[in-house]
Amino acid sequence: MSDQLRSLLPASGTWMSSNEFTEAVSTIKYYGQVYLDTASGTVYLVVKNT
């Protein structure tokens, strides 16, 4: 997770990411990382447009 994004996240979060899930939801046009905070159920997406 980038330092720029991390500064916006709750400090108490338990952040998880899965490369397999990221690959499954990425397309030719859009790709990025998916982060889940298992403590709050919050999902953060870092999406890039190709």
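Assorted remarks:
- Between residue 15 and residue 27, the contour length at 0.36 nm per residue exceeds the alpha carbon distance by 2.0 nm.
- Surface accessible to a 1.4 Å probe, per residue, for the residues of the chain, Å²: 79 Å²
- When a 1.4 Å probe is rolled over the protein heavy atoms, the share of accessible surface on the chain that falls to carbon and sulfur comes to 56 percent.
- Calculated [222 nm] ellipticity per residue, helices only, for the chain: -4500 deg cm²/dmol; basis is -39500 (n - 2.57) per DSSP H run with n ≥ 4, divided by all residues, nearest 500.
- Value in Å of the Kirkwood radius, where the chain supplies the Cα pairs that are averaged: 11.5 Å
The values are calculated or read from the model by the stated rules, or taken from the named source; none is laboratory data. Given the structure is predicted, the values throughout are model-derived calculations rather than measurements. Side chains are part of the model used for accessible areas, which takes the heavy atoms of the whole protein and leaves out ligands, DNA and RNA. Shrake-Rupley method; radii C 1.70, N 1.55, O 1.52, S 1.80 Å.
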